[in-house]
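The values are calculated or read from the model by the stated rules, or taken from the named source; none is laboratory data. Everything quoted here is computed from the prediction, not taken from an experiment. Cβ placement follows ideal geometry from the backbone for every residue including glycine, while neighbour counts extend to all protein chains displayed.
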């Protein structure tokens, strides 16, 4: 007889990092995934066909329609762009002129931050036994964070939060995220893991001759870009990882990735002597701990945005596993 599985709902589900991590525990069944982004819903459904899917703004979701979560878990990764300084600002116009409209930036960031209130709404109506929220570390510095957490406490939840690094759970990337647990019962504390478990950049790379690899001659780059690449090689070796962002340093291949973002697909290079290439989507997915069986779009841009927007799968599995243990104890 199979062990009972805990029912979960995945809010802001994206391509499925939280769902993949939860299901990797072997003790969770994600019944519903909700996201407003059609492409994300499409690719989540391809990888998790047994879950029901809803493509809509969570601020407009009728929480009375959720599956029975009284013994289950709500997983949620609200928009982080309104909290992190790495977020892309809203742009004025549509011509790619790069002019920043401060009013649009403030408006967009406010909308992004307010997505977190969908968690409170679900807690009020659906009463999940436990809630797990993932966001950037700066989420804790949101001016309404204490009020947001207090709303959950007023609804009877014991709330705990801490910052975790994906490397501590076996990921190859340095990715610090705030993890919040809320429980109708005893508080659930999440173990911080062990940074010595981290995988390496090298372990995520395809063989040099892989057909997805598109090498180019570094000497054909602009003088400024070539200078930055050479400096990276001087820091980390002729064969190294380099992130084409500001004055980024080189990274040795036995080290870790920088945080994978929605822009990393067009920024992260493998340098090797006089040649270099952008990492392909499958390599970026491995950096986020997605298994090679996971289906990805052919479009590098779309794949990069979906992957960079996800929670690291190994970290998700560890966190959700801890919550499930507490619920089934």
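Going by the structure shown, is residue 327 farther than 18 Å from residue 170 by Cβ, out of contact with any helix residue (DSSP H, G or I) (no Cβ under 8 Å at 6 or more places or on another chain) and part of a strand (DSSP E or B)? In short, no. Within the set 219, 231, the sole residue that is in a helix (DSSP H, G or I), surrounded by 13 or more Cβ atoms within 10 Å (Cβ to Cβ) and touching a residue at least 12 places away in the same chain (Cβ under 8 Å) turns out to be 231. For region 24-72, the tally of residues that are touching a residue at least 24 places away in the same chain (Cβ under 8 Å) and out of contact with any strand residue (DSSP E or B) (no Cβ under 8 Å at 6 or more places or on another chain) stands at 11. Annotation note: of 184, 226, the sole residue that is out of contact with any strand residue (DSSP E or B) (no Cβ under 6 Å at 6 or more places or on another chain), surrounded by fewer than 19 Cβ atoms within 10 Å (Cβ to Cβ) and not assigned by TED's automatic domain parsing to the domain that holds residue 282 is 184. Taking the stated definitions as given, is residue 297 surrounded by fewer than 22 Cβ atoms within 10 Å (Cβ to Cβ) and either at pLDDT below 95 or within 14 Å of residue 171 (Cβ to Cβ) (or both)? In short, no.
Taking region 149-167 as the range and being over 25 Å from residue 193 (Cβ atoms) and touching a helix residue (DSSP H, G or I) at 6+ places or on another chain (Cβ under 7 Å) as the test, the residues that pass are 151, 155.
Restricting 30, 41 to residues that are at pLDDT 95 or above, under 16 Å from the mean Cα position of the chain (by Cα), under 26 Å from residue 297 (Cα atoms) and buried (at least 16 other Cβ atoms within 10 Å of the Cβ) narrows the list to 41.
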